[in-house]
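Just so it is clear, none of the values below were taken in a lab; they were calculated from the coordinates. Because the structure is a prediction, the values reported are computed rather than measured. Cβ placement follows ideal geometry from the backbone for every residue including glycine, while neighbour counts extend to all protein chains displayed.
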Amino acid sequence: MKFTWMKWSALPVAVLLAGSVAMAQDQSSSGSQSSSSQSGSSATPAPAEKPNPVVEQRKENQQDRIANGVKSGQLTAGETAKLEKKEAAINKETAADRAANGGKLTAAEKKQVNRQQNQLSKQIYTDKHNANTAHYGNNKVGQRRENQQDRIANGVKSGQLTAGETAKLENQQKGINKEVAADRKANGGKLNASEKKQTNKEQNAASKNIYHKKHNAKTQSQAEPKP
C-alpha cells in the first residue's frame, strides 16, 4: 500500500519534469529558427531593379524593328523616311550631348533620350500596323523596287546604313514611287515603254547610291559610341 502511494505520487513529478524539458526544447528550437531566419534575411539582399537598356542598345533595337518593317512591306518608303529622320535627330542630339560632357551622357540626358525613343517606338508600331503597306507587284518595276527595299533593310540591320543615310535613300525611293503611281494613274494603271525606261534609269541611280552609302566609312556602331 505504501509502495503504491509512492508510485502514484511520483507520477505527477515525472510528468512535470517531462513538460519542462519539452518546453525548453521548443523555446530552443524557436530561438534557433528565429536566429536562422534573421541571419538568412540579412544574407539575402533585396533584388535590385533592372537597369534601363543602354542608349546604344535601344537605338539598335529600333533600327532592327524598322528594318523588319521595310523587309516585310509593313513600312512604306515614306513612312520609313520619316522614322529614320526622327532617329537621326535623336542620334545627332545624343552625339552633341556626349561631345559636351567628355563622351558621356548625364542621367538627365539618358532619361531624355529614353523618352524620345519611347515616342519613336510608338510611331514605329503605328506605322507598321496601319493600312499603308508597300505593294510591289509581280512586274519588273515592282520587283526592282522590292529589291531596293531589301538592300536598304539589310543595310539598316547590319549597321552599314546610318539613320540619316537611310532617310535619304527612302526619300529617293518615295520620289520614284510617287512618280510611278502618277504615271500609272494617267495611263489606266499601266506604264508605257518610255516610263518604264525612265523608272529603271532612276532606280539605277538609286542602286548606286545604296551601294555607296553601304560601303562608305559611316556605320551605325561608329556614329554613336556606347555611354
Cβ-Cβ FRET estimate between Glu179 and Ala107, R0 fixed at 45 Å, reported to 0.05: 0.40
Quick one: 3J(HN,Hα) in Hz for the range 109-120, Karplus 6.51/-1.76/1.60 with θ = phi - 60°, rounded, Gly and Pro as x. 5, 4, 5, 5, 4, 5, 5, 5, 5, 4, 5, 5
Cross-link reach list, aspartates and glutamates versus Lys168, counting only Cα pairs under 14 Å and skipping chain neighbours closer than eight places: Glu79, Glu84, Glu87
Taking Val70, Val113, Val54 and counting other C-beta atoms within 10 Å, the order from fewest to most: Val54, Val113, Val70
Packing-wise, with mean Cβ within 10 Å as the measure, how do 103-112, 87-96 rank, highest first? 87-96, 103-112
